[in-house]
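The values are calculated or read from the model by the stated rules, or taken from the named source; none is laboratory data. What you see is a predicted model; the values in this text were computed from it and never measured. Ideal geometry is used to build each Cβ from the backbone, glycine not excepted, and the neighbour counts take in all protein chains shown. Just so you know, the surface numbers come from the protein's heavy atoms only, side chains and all, with ligands and any DNA or RNA stripped out. Shrake-Rupley method; radii C 1.70, N 1.55, O 1.52, S 1.80 Å.
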Amino acid sequence: MTVWVRCMHAGQTAIGTIEGDRVVFHEGDMFSGARPTGESAPLSDVTLTTPCDPGKLLGLWNNFHERARVEGLSRPPHPLYFVKTPNCHLAHGGVIRQPRGYDGPVVFEGELGVVIGKRCSQVSPAEADDYIFGYTCVNDVTARGVLKADPSFVQWVRAKSYDTFGPFGPAIVTGIDPDALTVRTVVDGVEKQNYAVADMFVRPREIVSLLSRDMTLMPGDIIACGTSVGTEPMPPGCTVEIVIDGVGTLANRFDASLQQQRDAADDQQNADAALESLL
C-alpha cells in the first residue's frame, strides 16, 4: 500500500508519499513513474491540496442494495451517473459554502472514489485493476432542493457542482482491495453513515469497466461509487468527516455564514454605489 498526496511546500506544489509523519517528495507524474527526489518534510510543514486534478468527477446514484430497499428503488440495468464539474473540487480542510441565492438543504454523501491511472476505454472487469491507480474519499455534496426544482428536468449537475461541492482526498491510496472497505460519515463526532462497499450493486472494478464503455476515462479522473442510507442536511458550522479505514479521513467544515457575509458585503457595495450616484 502506498499513500500519495499533493501539497504546497515552501511556496511550491509538490507530490509525494506519506511515510510515517513525513512526506517523501517525488518528481515527475504521479500516474506514470514518479521518482523520489531524496528530499522529505514533516507532514506538519506542508499544506495538503486535492491529490489530483480530475478532468471529470463522475458520481453514481442508486448503487446500494440497502438504500434501494429503504427508498423502494430497483436495481438499474446500467450504472446511473452524473458529472461534477471541476470548479467544485475542494481539498481536505477546505470550507464547503452555501451557494449564493440558495437557502435550502445542503446534504453530505460519503463515498469511495476510484482514481483512474491511465487512459481507459473498453476494458473488462478483469482488466480494470490495470487502469485503477488507487482510491480516495469523496463527499458528494448536494443542494437537494435544486434537484427537482424544475419538474421537467432533474438538475443533477447544477445541484452537485456549486463551488466547493466536490471535496475529495486527502490522499490516493494504492494497492488495496476496494471490496473489503467500509465507508463512514461522521458529523461533529456523531456517526451518520456506516456501510460496506460489498453492498454495492456494481462494485468498483465493474464500475470502471462499464463506464469505460460509455466514455474514455483519463488519468486523474475520479468515479464516486455512490452512497447508501444516512445522508442528511449539514447544519451550519458543522465538520463532516468521510472515514474509510485504509484510505483516510476527509474532513471539511460547512459554513453558510461565509456566503451570507459576501451577500451582505455585496448589498452594502450596491447601496454605496447607489448613494454615490445621487450625490
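Would it be correct to say that residue 166 is touching a Leu at 6+ places or on another chain (Cβ under 8 Å) and either open to solvent by 20 Å² or more (accessible area, probe 1.4 Å) or modelled with pLDDT of 95 or more (or both)? Answer is yes for this residue. Does residue 208 qualify as being open to solvent by less than 10 Å² (accessible area, probe 1.4 Å), touching a helix residue (DSSP H, G or I) at 6+ places or on another chain (Cβ under 6 Å) and in contact (Cβ under 8 Å) with a residue 24 or more places away in the chain? Yes; evaluated as a whole, the condition is true for this residue. For region 124-170, the set of residues classified as more than 25 Å from residue 233 (Cβ to Cβ), charged (D, E, K, R) and touching a Ser or Thr at 6+ places or on another chain (Cβ under 8 Å) consists of 127 only. In a residue-by-residue description of region 254-275, the property of being crowded, with 17+ Cβ neighbours inside 10 Å and at pLDDT 95 or above applies to at least one position. Within region 63-96, the set of residues being under 22 Å from residue 185 (Cβ atoms) and open to solvent by 60 Å² or more (accessible area, probe 1.4 Å) comprises 65, 66, 69, 70, 71, 80, 81, 92. The criterion of being open to solvent by less than 10 Å² (accessible area, probe 1.4 Å) and of a type outside the set (S, T, N, Q) holds for residue 223. Looking across region 127-163, the residues that are touching a residue at least 40 places away in the same chain (Cβ under 8 Å) and open to solvent by 30 Å² or more (accessible area, probe 1.4 Å) come down to 127, 129, 131, 133, 144, 145, 156, 157, 162, 163.
Counting only strands (runs of 3 or more DSSP E) that sit wholly inside region 171-245, not one has at least 1 residues that are at pLDDT below 95 and touching a Leu at 6+ places or on another chain (Cβ under 8 Å). So, residue 55, is that one open to solvent by 30 Å² or more (accessible area, probe 1.4 Å), in a loop (DSSP other than H, G, I, E, B) and farther than 23 Å from residue 182 by Cβ or not? Spelling it out, residue 55 is indeed open to solvent by 30 Å² or more (accessible area, probe 1.4 Å), in a loop (DSSP other than H, G, I, E, B) and farther than 23 Å from residue 182 by Cβ.
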